[in-house]
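Student: My questions will all concern the structure given below.
The values are calculated or read from the model by the stated rules, or taken from the named source; none is laboratory data. Just so you know, these numbers come straight off a predicted model, no measurement behind them. As a convention, Cβ positions derive from the backbone with ideal geometry for all residues, glycine included, and neighbour counts pool all protein chains shown.
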Amino acid sequence: MRDWYLIALVCVNVYFLFTVLSNIAYFRLATAKPRITGGPFVSVIVPARNEERSVARCVGSLLAQGYADYEVIVVDDESTDATAGIVAALAADDPRLRLVRGVPLPDGWLGKPHALSEGAAVARGEILLLTDADTVHDPGSISWAVTNLRDHRADILSGYLDQEYGSLGERLVVPTMYAMMLLVPFFLLPRTRSPRLAFAIGQYVALRREALDGVGGFEAIGDSITDDMSMAIRMKEFGYRGVFLDAKGIAGCRLYDGYRDAFEGIERSIYSAVGGRPTAVLAITVIVLGLILGPAVSALWANLHLVMSAGPLTLSVVLFAVQWALLAWDRNVPLTAVVLYPLVFVNLVVILAASMLRTGFGPGVDWKGRMVRAPGNPNAAREADLADDAGRSGRVG
């Protein structure tokens, strides 16, 4: 039995290494530099809820684009801070910027899909660029989206942005977003019809308006926590073409402010991202513990006792360390997360379990004054609704 485990361990790590290398090569070969600076009208939609610290910087970078034909629409999603006032003041000085004041959430909607829907309702663009209010964009950001949509004949486009890291906690949590680079060869996404091979990150999603209307608009994913993934999957289900590329240098973002913020930010969505199934949580936990953490701990223990020898276990640890270091180099992940990679994956397992318990079976996670829970969680509905009411009255968040 041990022999089969060691063989499987080495085979899985060889696959991980192949996938990381293929993704690094694919990003470099397939990602076009911004080239098109005019043509189809682009509507940039920025959903914003309590983003007074970052929205001015985001909007400023979007108004400094080198693309000719575009507008910026910021949807104030019932913010309780100065977000709307900041955007309104900026809009008074630039006719390309428009503030949309969001209405209360209808039944069956979550905040971000609803805000995107409100923005899309007034957008004039043939292409919609959806981006978060805490992002900062290079002047070629819109041009990059238009260029790559055209070059790849794609209907939906997303990519990995630059990530900014502050605290040690952020350095141990945020890099988990790159785990997909170990699992999925991204070059397969536009080459297969299976909706299972679809991927997007909501920090930066560009899509054709015709395709959005063809899948039923944001109404079709109104209750989705992972609106980015849900839209990418739905696009593929309807036969549209998606592509995931390297947006490093095009836009950047500091996702969270400290460990707790990072933990809760990923906790609110990760259970839904793996399909909202306890079996998926179990499978991921077994993979992480058995194929990543277990070998690392065993190797460390053997080294401490001076009994480490060459063999499959050593090879698997070396392979994983090499591929994680390559991934970190490619994505500019801090050295801390490379050296302490077992802690990165311990956090992944803990956050995943917490997300299942709170969003899958519990009342949800409080995020910016709203309770977020996985769809199909009737046991939590009444408690979450009460929490939502409390949040609107100022007692939560």
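Student: So if I check each of P47, P113, P95, P104, which one is in a loop (DSSP other than H, G, I, E, B) and modelled with pLDDT of 95 or more? Let's see the steps before the verdict.
Tutor: Working: P47 fails: in a loop (DSSP other than H, G, I, E, B); P113 fails: in a loop (DSSP other than H, G, I, E, B); P104 fails: modelled with pLDDT of 95 or more.
Only one candidate qualifies: P95.
Student: Also, quick follow-up: Being of a type in the set (D, E), more than 24 Å from C253 (Cα to Cα), over 12 Å from the mean Cα position of the chain (by Cα) and assigned by TED's automatic domain parsing to the domain that holds S61 narrows it down to one of D138, D151, so name that one.
Tutor: Details: D138 fails: more than 24 Å from C253 (Cα to Cα).
When all the criteria are applied, what remains is D151.
Student: Right, here's the next one. Among the numbered criteria (1) in a helix (DSSP H, G or I); (2) under 20 Å from S22 (Cα atoms); (3) at pLDDT 95 or above; (4) hydrophobic (A, V, I, L, M, F, W, C), which single criterion is violated by L212?
Tutor: (2)
Student: Given the criterion free of Cβ contacts under 8 Å to residues at least 60 places away in the same chain, outside the structural domain of M180 (by TED's automatic domain parsing), more than 21 Å from A283 (Cβ to Cβ) and of a type in the set (A, V, I, L, M, F, W, C), identify the matching residue among V318, V346.
Tutor: Values: V346 fails: more than 21 Å from A283 (Cβ to Cβ).
None of the others qualify; the one that does is V318.
Residues checked against (1) surrounded by 19 or more Cβ atoms within 10 Å (Cβ to Cβ); (2) at pLDDT 90 or above; (3) within 30 Å of P104 (Cα to Cα):
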{"position": "A280", "(1), (2), (3)": "no, yes, no"}
{"position": "N303", "(1), (2), (3)": "no, no, no"}
{"position": "M308", "(1), (2), (3)": "no, no, no"}
{"position": "S316", "(1), (2), (3)": "yes, no, no"}
{"position": "L327", "(1), (2), (3)": "yes, yes, no"}
{"position": "D330", "(1), (2), (3)": "yes, yes, no"}
{"position": "L340", "(1), (2), (3)": "no, yes, no"}
{"position": "F345", "(1), (2), (3)": "yes, yes, no"}
{"position": "S355", "(1), (2), (3)": "yes, yes, yes"}
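Student: Taking segment 215-227, which residues are out of contact with any Ser or Thr (no Cβ under 7 Å at 6 or more places or on another chain) and outside any loop (DSSP other than H, G, I, E, B)?
Tutor: Selection gives A220, D227.
Student: Please determine whether any residue of segment 167-175 is touching a Cys at 6+ places or on another chain (Cβ under 6 Å) and among the hydrophobic types (A, V, I, L, M, F, W, C).
Tutor: Taking segment 167-175 and keeping what is touching a Cys at 6+ places or on another chain (Cβ under 6 Å), we get none.
For segment 167-175, residues touching a Cys at 6+ places or on another chain (Cβ under 6 Å) and among the hydrophobic types (A, V, I, L, M, F, W, C): absent.
Student: Ok, one more. Just need a number here: residues in segment 199-249 that are among the hydrophobic types (A, V, I, L, M, F, W, C) and closer than 23 Å to V173 by Cα.
Tutor: Quick first cut of segment 199-249, residues among the hydrophobic types (A, V, I, L, M, F, W, C) only: 199-201, 205-207, 211-212, 215, 218, 220-221, 225, 229, 231-233, 235, 238, 243-245, 247.
Add one more test, that the residue is closer than 23 Å to V173 by Cα, and what stays is 199-201, 205, 225, 229, 244-245, 247.
Within segment 199-249, residues that are among the hydrophobic types (A, V, I, L, M, F, W, C) and closer than 23 Å to V173 by Cα number 9.
Student: In a helix (DSSP H, G or I), surrounded by 17 or more Cβ atoms within 10 Å (Cβ to Cβ) and hydrophobic (A, V, I, L, M, F, W, C), is that true of V243?
Tutor: Working: in a helix (DSSP H, G or I): no; surrounded by 17 or more Cβ atoms within 10 Å (Cβ to Cβ): yes; hydrophobic (A, V, I, L, M, F, W, C): yes.
When the stated conditions are applied, V243 does not pass them.
Student: Another one. Given the conditions (1) of a type in the set (G, A, S); (2) within 22 Å of A198 (Cα to Cα); (3) surrounded by fewer than 18 Cβ atoms within 10 Å (Cβ to Cβ), which single one is not true for G166?
Tutor: Looking at each condition in turn, G166 falls short on (2).
Student: So how many residues does segment 182-221 have that are surrounded by fewer than 22 Cβ atoms within 10 Å (Cβ to Cβ), in contact with a strand residue (DSSP E or B) (Cβ under 9 Å, 6 or more places away or on another chain) and closer than 16 Å to H152 by Cα?
Tutor: 4
Student: Could you list, in sequence order, the residues of segment 68-89 that are of a type in the set (A, V, I, L, M, F, W, C) and either under 24 Å from the mean Cα position of the chain (by Cα) or not assigned by TED's automatic domain parsing to the domain that holds C58 (or both)?
Tutor: Taking segment 68-89 as the starting set, the residues that turn out to be of a type in the set (A, V, I, L, M, F, W, C) are 68, 72-75, 82, 84, 86-89.
Listed by number, the residues that qualify are V72, I73, V74, V75.
Student: Hey, can you tell me all the residues within segment 50-86 that are of a type in the set (A, V, I, L, M) and in a loop (DSSP other than H, G, I, E, B)?
Tutor: Filtering segment 50-86 down to residues of a type in the set (A, V, I, L, M) leaves 55-56, 59, 62-64, 68, 72-75, 82, 84, 86.
Once the filter is applied, which keeps residues that are of a type in the set (A, V, I, L, M) and in a loop (DSSP other than H, G, I, E, B), segment 50-86 yields L63, A64, A68, A82.
Student: Of everything in segment 167-197, what is in a loop (DSSP other than H, G, I, E, B) and at pLDDT 95 or above? Give them in sequence order. It would help to see each step written out before you state the result.
Tutor: Within segment 167-197, the subset in a loop (DSSP other than H, G, I, E, B) is 167, 184-185, 192-197.
Within segment 167-197, P185 is the sole residue that qualifies.
Student: Separate question: Kindly indicate which of A145, A154, A89 is modelled with pLDDT of 95 or more and assigned to a loop (DSSP other than H, G, I, E, B).
Tutor: None of the others qualify; the one that does is A154.
Student: Go through (1) touching a residue at least 40 places away in the same chain (Cβ under 8 Å); (2) in a helix (DSSP H, G or I); (3) more than 17 Å from A273 (Cα to Cα) for A121 and report which single condition fails.
Tutor: (1)
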